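All remarks here apply to the structure that follows.
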Amino acid sequence: SATPRFHIKGKGTPLNAGCVTTFSDYTIASENRVTRTAPGVKADVAALLGCAVTTGLGIVFNNADLKPGESIAVFGVGGMGLNVIQGAALVNAHPIVAIDLHDSKLDVAPAFGASHVINGKTQDPLAVLQDLAAGRGIDVCVDTTGNRKVRENAYEATAPKGRTIFAGVPDANEKITIDSFPIHFGRKLIGSHGGETRPDEDIPRYLKLYGLGKLQLDPLITHRFPLEQINEAIALVRGGGAGRCLVHMD
């Protein structure tokens, strides 16, 4: 559908509000796309709540409805994955398994609650997960990568009556092949849309957890860049840098 169009009062020039506002000098945001935060909330912490934190926690609380003592495996532990992990830790899941190709990401995962880490370059994730689950499968498997093979592995590693959550955005031309038969007998395959977050309800609650010291937000920021170095920030993320890169716009 067409994006909204606005007009400056007293002038005839229309302003287009595009689908993506990242890196814009100015942004027009609909009122229902803005969430008020309490006075004193730091801007860098608030920035994290735009996606990585809310999506990761929403996957745990809303999509997976993860219960204490259930197992979870997270394929891809960037900003979103780390928050899936700490959300799982908040509900006392076990084991909480972090899977990635970069040791730099796996090294920080235990600080957010991961009980086990798997490097997909040197280990077979499916074999390790089978051992950890004693052959019963993992209760919840989350893919944050969008990669075809990873998505298939996440589904394959899921317990017969478990939940597979697809949160990563796949290539439009890339299809997956799965055995759909288990879906008829209790297995669930769920596509996450921002963790089904309700910003006006969820963000204040997450900030309360942050204020209580139960939710780690500051350690998620591992690198800071001025806007002039945006290309370096993007290169770091593409290269497997851990945590979140914060870009200062002023």
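The values are calculated or read from the model by the stated rules, or taken from the named source; none is laboratory data. Quick caveat, the model's predicted, so the values are computed rather than measured. Heads up, the Cβs are rebuilt from the backbone with ideal geometry, glycines too, and the neighbour counts pull from every protein chain shown. For accessibility, only protein heavy atoms count, side chains too; no ligands or nucleic acids. Shrake-Rupley method; radii C 1.70, N 1.55, O 1.52, S 1.80 Å.
Residue 131 sits with roughly 120 Å² accessible to a 1.4 Å probe, with DNA, RNA and ligands left out of the calculation. Per-atom-type breakdown for the chain gives carbon and sulfur 53% of the accessible area (1.4 Å probe, protein chains only).
Taking label points 7 Å from Cα along the Cα-to-Cβ direction, residue 42 and residue 229 give a separation of 1.8 nm. Restricting attention to segment 54-170, lysine pairs at least eight places apart or on different chains and with alpha-carbon atoms under 26 angstrom apart total 6. Under the rule a/c < 1.5 gives rounded, and otherwise a/b versus b/c splits prolate from oblate, where does segment 48-150 land using the Cα gyration tensor? Note, shape of segment 48-150 comes out oblate.
Restriction of the GluC sites (Glu not before Pro) in segment 168-203 to DSSP coil positions whose beta-carbon has at most 15 other beta-carbons within 10 angstrom yields 174.
With all protein chains kept in place, the per residue accessible area of segment 96-154 amounts to 45 square angstrom at a probe of 1.4 angstrom. Taking a straight Cα-Cα cut-off under 14 Å and skipping sequence neighbours fewer than 8 places away in the same chain, the aspartates and glutamates within cross-link reach of residue 175 are 152.
Look at the Cα gyration tensor of the chain: its axes a ≥ b ≥ c give a/c of at least 1.5 with a/b over b/c, and that counts as prolate. The length gained on full extension between residue 249 and residue 134, counted as 0.36 nm times the residue separation minus their Cα-Cα distance, comes to 36.5 nm.
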